[in-house]
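Student: Can you keep this structure in mind? I'll have questions shortly.
The values are calculated or read from the model by the stated rules, or taken from the named source; none is laboratory data. Since the structure is predicted, the reported quantities are computational estimates derived from the model, not experimental observations. Virtual Cβ from ideal backbone geometry, glycine too; neighbours counted across all protein chains shown. In case anyone asks, the SASA skips ligands and DNA or RNA and just uses the protein heavy atoms, side chains included. Shrake-Rupley method; radii C 1.70, N 1.55, O 1.52, S 1.80 Å.
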Amino acid sequence: MQPDWTLTVVPSTQDESGRDAPLSELDDRRLVEVCLGGRVEAFDVIVERHQRAVYRLCSRFVRRHEDAADLTQEVFLRAYRGLRRFRGDATLTTWLYRIGVNVCLNQVSGRKMEETPLEDAPHLAAASDDPASSLARTQEGARVRAAVARLPRKQRATLILRVYQDLSHREIALALGTTVGAVKANFFHALGNLKKILAEEAMRKS
């Protein structure tokens, strides 16, 4: 499927010395310009550069590796189709997060994901991990993830972007299309609700 731009003259990729710089050496803004100019292979570099971060974001909204991978693909598909809408008021990463949050919230609320946890996907354990500590960390992570999933949409997105993606309040505001004040309020309420959910769960099990 074709993106929503018209091919124009391809911007030069030469550096100050006149050398034709590889696409991998261009910054994100130049990659966008080159891609919009007709060299669509520049988008492959964007995907390679940001797919890990986008996948990590998506993996906080769903429980299965396959679902996170599907959502990641959908994020980049939408970014490719709408690349001309990237205005540069935020970093490309923040813009991709904005798309990612919308995709994840819409997809997760629209269909039921299977409950196989991401922690069951193949992974490499640290050399210092012993089986007991690895199991405890996995169980604790699954418990917190389940609690995060019960938060209201805006609180959930804010907490994920702040805690797991380490975005600033301003970056989160740009990603969610809201104000810094609203981000701070949502994060405050998200932490309070998360503690309440975890405490209620602990009481039920005691």
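Student: Any idea which residue in region 187-206 is surrounded by the most Cβ atoms within 10 Å (Cβ to Cβ), counting only those that are under 24 Å from Trp95 (Cα atoms) and touching a residue at least 12 places away in the same chain (Cβ under 8 Å)?
Tutor: Once the filter is applied, the top-ranked residue is Ala190.
Student: Give the residues of region 9-32 that are surrounded by 17 or more Cβ atoms within 10 Å (Cβ to Cβ) and either modelled with pLDDT of 90 or more or at positive phi (or both), sorted by residue number.
Tutor: Leu23, Leu26, Asp28, Leu31, Val32
Student: Let me ask another. Report yes if Ala42 is small (Gly, Ala, Ser) and closer than 19 Å to Ala146 by Cα, otherwise no. Lay out the reasoning, then the answer.
Tutor: Values: small (Gly, Ala, Ser): yes; closer than 19 Å to Ala146 by Cα: no.
Against the criterion (small (Gly, Ala, Ser) and closer than 19 Å to Ala146 by Cα), Ala42 does not qualify.
Student: Something else about it: Going through region 174-186 one residue at a time, which ones are at pLDDT 95 or above and open to solvent by less than 40 Å² (accessible area, probe 1.4 Å)?
Tutor: Within region 174-186, Ala182, Val183, Asn186 meet the criteria.
Student: Which of (1) assigned to a helix (DSSP H, G or I); (2) in contact (Cβ under 8 Å) with a residue 12 or more places away in the chain is the odd one out, the single condition Arg39 does not satisfy?
Tutor: (1) is the only condition that Arg39 fails.
Student: Looking at Leu118, is it closer than 30 Å to Ala185 by Cα, open to solvent by less than 50 Å² (accessible area, probe 1.4 Å) and modelled with pLDDT of 50 or more?
Tutor: Details: closer than 30 Å to Ala185 by Cα: yes; open to solvent by less than 50 Å² (accessible area, probe 1.4 Å): yes; modelled with pLDDT of 50 or more: no.
So Leu118 fails the test.
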